[in-house]
Amino acid sequence: MTPKPAKILPRSYFKRPTLKVARSLMGKYVVRQTEQGAMAGLIVEVEAYVGPHDLACHASRGRTRRTDVLFGPPGIAYVYLIYGMYHCLNVVTEREGFPAAILIRAVEHRDAPSILIDGPGRVCRAFHIDLSLNRWDLTLGEGLWLEDRGERITDADVLTAPRIGVDYAGEWAAKPFRFRLARFTRQPKRTSKVKM
């Protein structure tokens with residue numbers, strides 16, 4: 001069987017409900033092109049942040065200089081710094097004006113040998129992602145993008161769980177908006193099904 005050619009995910013892919021996009025990113029790839037060459041990682045864990053009513057979403061406190069990117073077009077990178085030292089990569093989803101995004105939490109680096117990179121700060125460090133890539137258009141296939149390489153992922157392959165580190169978000173903290181490929185799991189335990 002001939003492998004499918006890689007396809008860069010277009011803007012229309014991200015202009016859908018965030019939970020659907022988050023689930024569908026399981027098995028897609030993050031690709032980073034630098035002067036040293038290209039590197040790719042299979043996406044194995046993400047978290048969804050769904051609009052201003054989601055108290056775990058940065059936009060729940062309103063539109064600020066930092067969160068303005070979340071209100072922009074889908075398929076754009078939202079990169080921010082936590083604890084003054086770790087970068088986090090998100091991709092903006094849904095329609096312009098509705099602030100939603102998906103955090104890339106873990107990838108399997110596919111260059112030999114394969115290595116699990118677990119944690120959003122580690123992903124950014126390994127892929128040389130920093131604030132210079134905030135607002136980067138991930139749909140152009142230049143520098144940093146997401147692509148489909150034809151990996152088939154079934155619902156049985158994906159676990160859902162509450163997001164990490166959002167205890168402050170009240171009832172939103174318990175929502176099963178974290179998605180992880182089961183074969184890479186040491187943590188999320190299956191919780192309830194997410195309505196798409």
Near pairs, Cβ below 7 angstrom, 6+ apart or cross-chain, from region 75-99 (among the charged types (D, E, K, R)) to any residue that is surrounded by 24 or more Cβ atoms within 10 Å (Cβ to Cβ): E94/T18; E94/P74; E94/A100
Turns out the strands (runs of 3 or more DSSP E) fully within region 72-181 with at least 1 residues that are within 26 Å of M39 (Cα to Cα), under 16 Å from the mean Cα position of the chain (by Cα) and acidic (D, E) are 100-109, 115-118, 144-148
Would you tally the residues in region 16-59 being in contact (Cβ under 8 Å) with a residue 40 or more places away in the chain and in a strand (DSSP E or B)? 18
Answer yes if at least one residue in region 105-115 is exposed (fewer than 15 other Cβ atoms within 10 Å of the Cβ), out of contact with any strand residue (DSSP E or B) (no Cβ under 6 Å at 6 or more places or on another chain) and at pLDDT 95 or above, and no otherwise. no
Please give the number of the condition R63 fails out of (1) of a type outside the set (D, E); (2) surrounded by fewer than 23 Cβ atoms within 10 Å (Cβ to Cβ); (3) assigned to a helix (DSSP H, G or I). (3)
Residue check for T64: among the hydroxyl-bearing types (S, T, Y), modelled with pLDDT under 95, under 23 Å from D118 (Cβ atoms) and over 14 Å from the mean Cα position of the chain (by Cα): no
Quick check, is G119 under 20 Å from L70 (Cα atoms) and either surrounded by fewer than 17 Cβ atoms within 10 Å (Cβ to Cβ) or free of Cβ contacts under 8 Å to residues at least 12 places away in the same chain (or both)? no
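The values are calculated or read from the model by the stated rules, or taken from the named source; none is laboratory data. It should be emphasised that the depicted structure is a prediction, and the values quoted were computed from it without experimental measurement. Cβ coordinates were reconstructed from backbone atoms using ideal geometry, including for glycine residues, and neighbour counts include every protein chain displayed.
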